[in-house]
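The structure appears below as structure tokens.
We did not get these values from a lab; they are worked out from the coordinates using the rules stated. For clarity, every value in this text was computed on a predicted model and none was experimentally measured. Glycine also receives a Cβ, built like all others from the backbone with ideal geometry; neighbour counts cover every protein chain displayed.
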Amino acid sequence: MTKEKFGLIELALVLFALGIGGIATVVTGLHVYMTRTAPVLHPDPASVPGTIDDQPAISWAPAADRGRRIVRAAIADRNLPGVSVAVGSRGELVWAEGFGWADLDAEVPVAPSTRFRIGTASMAITSAMVGLLVEDGRLDLEAPIQTWVPEFPTKEWPVTLRHVLAHTSGLRTDAGDEGPFDRHCEQAIDGLSLFARRSLLFEPDTRFRFSSFGWILAGAAIEAAAGEPFLSVVERRVLDPIGMRHTRPDSADDAVEDRATSYFPRYAAEPRHGLHLMRPIDLSCYAGAGVYLSTPSDLVRFGMAMLEGTLLRRSTVERLWTEQRLVTGEPTGWGLGWRLDTVELGGRPTRSVHADGTVLGGTAASLTLFPEHELVVAVVSNISYADTATIAMDLAGAFTAPAPQDQ
């Protein structure tokens, strides 16, 4: 090798090293800037504002006090703008309270009636609607999805409604916060244009892969089987019968009463590093997957109806809550639209059934049911990546106590 060539290679290596070093310096500097300049929204947990409509019964007051400390500590620690919570026990809504701000600039406090985006927790509502139509004989979980949605092209392997609900269909999903949220759909089937022509990623039931697109397809099947628009039939048969008066589809165009302002972490999917306003999004194409606004109180009513068998037959609920398995026999940890788990509660292992809602890729809502304890906990926030599931579990611990005595 000539000296000239060696020198050029040496120069190139030096420049490459300098470039890598420069990038590393910029990344490190950005991280330091973001972490050190993030506004602290609630410096003192005890000063986080709380809004309540009805005080809990005396028998539940100690648990509610523990719950307030848990929520305020979580809000301050995670730098969340606002959180709303509700707890139901043995068929009764025992506590509901809002904390922090529904809108930071206007200093609008979170109230129990404040509506939040619940994201993919909407799938639990869609799952219940499927259950009703299965009971009616209008849907069959094991039939090909084209039975109701012939517009969905036949794939290299058969896809059933159960595959779709179990997240084992092989369908693709959106890219979280980079999803196609700038389109508007008038009916559920319009959303198929986002994914229908693409091939499956794998043969159904051979793998688990969460798919929001699959639940758009489920919404189209519901619409066809019911002979009625998806939003209309869900309101008539799910929301209205159990008194979910504050639950409604989100709207990209219309002002919605009591809707919280939505925020998003400004850096590294971490609210502690600050936030900014969530960009405008249109969720109309996600009718079966993530379209709803709701309150924790409404979500608790829904959870209690599922536990008590007042919305669906108990056998149907158990079918939706039966853990799905791959062809290998491996459990997926999911039923049909519900995540299943065993957790420590009250000093012993207990079954839990979850509907956690992501908004632009980060969890902002959690509905958690504990059938053995007849306990339901709902937590929502107006920022993505709020880790509402952890708050819900901590609240469940606070409310797992001997049954209250009649006053």
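To two decimal places, what compactness ratio does the stretch 216-274 give when its Cα radius of gyration is scaled by 2.2 N^0.38 Å?
Here the Cα radius of gyration is 1.59 times the empirical estimate.
Once backbone amide H atoms are built at 1.01 Å from N, residue 203 has no partners under 5 Å, excluding neighbours fewer than 5 places away on the same chain. Simple point charges give the picture: +1 on the Cβ of Lys and Arg, -1 on the Cβ of Asp and Glu, and for the chain a dipole about the Cα centre of about 880 debye. In terms of its alpha-carbon gyration tensor, the stretch 169-302 comes out oblate; a/c meets the 1.5 threshold, while b/c is at least as large as a/b. Panel order for 230, 116, 264, 181, by other beta carbons found within 10 Å of each beta carbon, from fewest to most: 181, 264, 230, 116. Remark: the Cα gyration tensor places the chain in the oblate category, a/c being 1.5 or greater and a/b not exceeding b/c.
Close amide H pairs (under 5 Å, H built 1.01 Å from N) link residue 139 with 134, residues at least 5 positions away or on another chain. Selection among 347, 184, 273 by position relative to the dipole of the stretch 116-399 gives 347 as farthest towards the positive end (Cβ unit charges, Cα centre).
Between beta-carbons, use under 12 Å as the cut-off and find the net charge around residue 245, counting Lys and Arg +1, Asp and Glu -1.
-2
Each stretch of four or more DSSP H residues adds -39500 (n - 2.57); spread over every residue of the chain, this sum gives -10000 deg cm²/dmol at 222 nm. Rg/Rh for the stretch 93-135 stands at 1.20; both radii use Cα atoms, and Rh follows the Kirkwood definition. Per-residue 3J(HN,Hα) values for the stretch 321-335, derived from phi via the Karplus relation 6.51 cos²θ - 1.76 cosθ + 1.60 with θ = phi - 60°, read 9, 7, 5, 7, 10, 6, 4, 7, x, 5, x, 8, x, 10, x Hz in sequence order (x marks Gly and Pro).
A straight line joining the Cα centroids of the stretch 105-142 and the stretch 191-211 runs 22 Å.
In sequence order, the stretch 130-145 has phi-based couplings of 4, x, 5, 6, 5, 4, 6, x, 8, 10, 10, 4, 9, 8, x, 4 Hz under the Karplus curve 6.51 cos²θ - 1.76 cosθ + 1.60, θ = phi - 60°, and Gly or Pro positions carry x. Listed values for the stretch 355-365 are Karplus-derived 3J(HN,Hα) couplings in whole Hz (6.51 cos²θ - 1.76 cosθ + 1.60, θ = phi - 60°), namely 10, 9, x, 9, 10, 6, x, x, 5, 9, 8, and x replaces Gly and Pro.
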